[in-house]
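For reference, the structure discussed in these notes is given below.
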Amino acid sequence: MSPGAGRALGPLLLLLVLLQCAARRRVVKRSVPDVCATCHVHATCHQIEGKSVCICNYGFVGNGRTHCQDKDECQIGANKICGNHTLCHNTHGSFYCVCLDGFRASNNNKTFIPNDGTNCTDIDECEESGLCGHNAKCVNTEGSYKCYCNDGYKLENGERSFHPDGNTVSCRGVDCGVPPSVLNAHPASVSGTTYGSEVTYNCVHGYFMASGTQTAVCNAEGQWDGTDLVCKEIDCGKPLLIPRTEMTWDNSTTLRSRVYYQCKEGYYFNGGKNFSECTIDQSWENITFVCKGEELFSNLSIFNETCVKWERKTGRLGVQKTYTFHILGQRWDEKTFSEDVIFNITTNEDNPKVCLDLDSGSNYVVNITTISSANIPVSVAVAIQTKVKEPFNNVLIFNDTCLKWKRNVRGTDVGDRYSFHVQGQRWYQKEFFHEMIFDITTHKQAPEVCFDLQPGTNYSVNISMAALNFSLLVSMTTQITDPPFPDVEFVAVTGSAPLLRLRKAEDQNGPISFYQVIVLPLDLQSTFICDSFAAATFFSNATDVKGYVAAEFQAKDVADNMPISLGDRHYYGKFYNAPLKLGEEYCVFLRVISEWNKSPFWVQIPSC
């Protein structure tokens, strides 16, 4: 080989060596493959201890590289993977759970995965109202429910329970039918024959309830419960023995049998009934039949103030008996009055009554004597006190100031003396007081008396009779009257107004409050009404037409024959005494006003 060829071969050898090295490097890389790139489509590459590992995804099983097939989680059983009351449904790479019919998921979804704690709970179908229909009740069961008829109802097909889905059965009320008969008893009341109805039995007349119960009840099975009443005939046995009596009896001892008693000779009956009956308690009626010895005066009493009554008990009817009355009496207010009376009465009554002619206001002792069957005098005494009658009554007021009354006359020639104390006061005039005291004596049966009373006054009239310690109070009220008309002198003048003089009126009908001078146009004189004229001032509207009050004087400031000048332009009270217009015709009135108690009650009475 030439040197030039050797020089050219050197680079080629170097290039060959480099290519061989590169080839060796490529061979090394192909011997260590990329694991993650080889993972199955349903696998995930994971780094474990520095190495790449392909692991099948959740829901798949396999080597992670060549195969990852779906895992059927449901094959281990729905109860194990989904829980109780479930169905498991496998899906590609997963699964889901559903609740069985009659249950619902606790997350309220139709499907669930149990890893969130969801479970299936029973549905209470009975929460739905009316699910079982009429006359039935719903009972919840695990995953379902059952319907039962209410107490007193049953299914037509005889079953105990039913399910309403597609079922036409219904609950009908039980009927116990006609109540059973009970020996020696009869139904007293029957409320019906359905469930809960009651029938009450009573023993027939003459029988009593020996055992059992009186009431039977229709039960839920359609049978009558409690028909165990036992009635037995009543037997009272021998009747009671009562001392000093004889019995009349027919030897019957059943209900309502009677035994009659009567006193032996020499005794009389004392009690409510003379017979005893056999009662429902199987015993003879307990009576208070007593035979006692003769009593001529029993239960002596006073009635209607002057009458006496008593009972005669001899054991014999219709026997005449004579009674002697001795009466002693004395009046309360008259020491000279006394009475001593003796009289007899004869009667065959067993309950005599005698009314005595006694005076009022007296004390009496009444002694009554009779003879017994053994010819022995028997006496009894009673004290009677008669009330004092009102010496007069029916007091009436007439003509406002007069009284009349009815006198209880004790004798045709006896006169009664009456004392009168009259006191009068006025509610509107506290200082006013009117008093009268006098006596009268009268023989009239209807006396009358009239009083000189002041007007507008409340009076109390005390009428008394000292001899009988009797008094009566009468209230009288006199009406408030008009004050007296003012004493005025009629004056007719032409020209300037004259000087008028006011004459003071007397307070005979109550206190006078003030005087008013009223000026009117002459043509209003005929229409003027004293108690309706308003207290208009001169400066009021239309005074020229309606008139006005020119002056007002307090009664305490008025002197008798006091002069008044019309139109002097002065104020009297709150009223202006205006000058009269020339050429006008006027009439002037003087008004007297009595005014009482302005608050809270107010009365005003004028006179003109």
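Return a yes/no flag: does segment 282-299 have any residue that is in the same structural domain as D359 (by TED's automatic domain parsing) and either at pLDDT 90 or above or at positive phi (or both). Yes - at least one qualifying residue is present in segment 282-299. Residues that are free of Cβ contacts under 8 Å to residues at least 12 places away in the same chain and among the charged types (D, E, K, R) within segment 106-155 comprise D116, E127, E128, listed in sequence order.
The residue that is farthest from the chain's Cα centre (by Cα), among those in segment 290-319 that are farther than 24 Å from S372 by Cβ and not in a strand (DSSP E or B), is T306. The set of residues from segment 173-208 being under 21 Å from I280 (Cα atoms) and either assigned to a loop (DSSP other than H, G, I, E, B) or in contact with a Leu (Cβ under 6 Å, 6 or more places away or on another chain) (or both) comprises V182, L183, N184, A185, Y201, V204, H205, G206.
Looking across N408, N399, one residue alone is under 50 Å from the mean Cα position of the chain (by Cα) and not β-branched (V, I, T). It is N399. Among the residues of segment 39-87, those identified as out of contact with any Gly (no Cβ under 9 Å at 6 or more places or on another chain) and in a helix (DSSP H, G or I) are C74, Q75, I76, A78, N79, K80, I81.
Among the residues of segment 389-399, is any touching a Ser or Thr at 6+ places or on another chain (Cβ under 7 Å) and either small (G, A, S) or more than 30 Å from V308 (Cα to Cα) (or both)? No: zero hits.
In this structure, D250 does not satisfy being of a type outside the set (K, R), under 50 Å from the mean Cα position of the chain (by Cα) and surrounded by fewer than 16 Cβ atoms within 10 Å (Cβ to Cβ).
Looking across segment 465-490 at every residue that is touching a strand residue (DSSP E or B) at 6+ places or on another chain (Cβ under 8 Å) and loosely packed, with under 11 Cβ neighbours inside 10 Å, the one that is modelled with the lowest pLDDT is identified as E489. Taking the residues in segment 546-570 that are of a type outside the set (A, V, I, L, M) and loosely packed, with under 13 Cβ neighbours inside 10 Å as candidates, determine which candidate is farthest from L500 (Cα to Cα). Result: K556. Summed over segment 131-172, residues that are in a loop (DSSP other than H, G, I, E, B), more than 47 Å from the chain's Cα centre (by Cα) and either polar (S, T, N, Q) or at pLDDT 90 or above (or both) total 4.
So that you can scan it fast, the table gives a plain yes or no per residue for (1) at pLDDT 85 or above; (2) surrounded by 10 or more Cβ atoms within 10 Å (Cβ to Cβ); (3) over 60 Å from the mean Cα position of the chain (by Cα):
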site: L16; (1), (2), (3): no, yes, yes
site: K29; (1), (2), (3): no, no, yes
site: I55; (1), (2), (3): yes, yes, yes
site: K71; (1), (2), (3): no, yes, yes
site: N79; (1), (2), (3): no, yes, yes
site: G83; (1), (2), (3): yes, yes, yes
site: L87; (1), (2), (3): yes, yes, yes
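The values are calculated or read from the model by the stated rules, or taken from the named source; none is laboratory data. Note that the coordinates shown come from a computational prediction; the quantities given were computed from them, not determined experimentally. Counting neighbours? That spans all protein chains shown, and the Cβs are built from the backbone with ideal geometry, glycine included.
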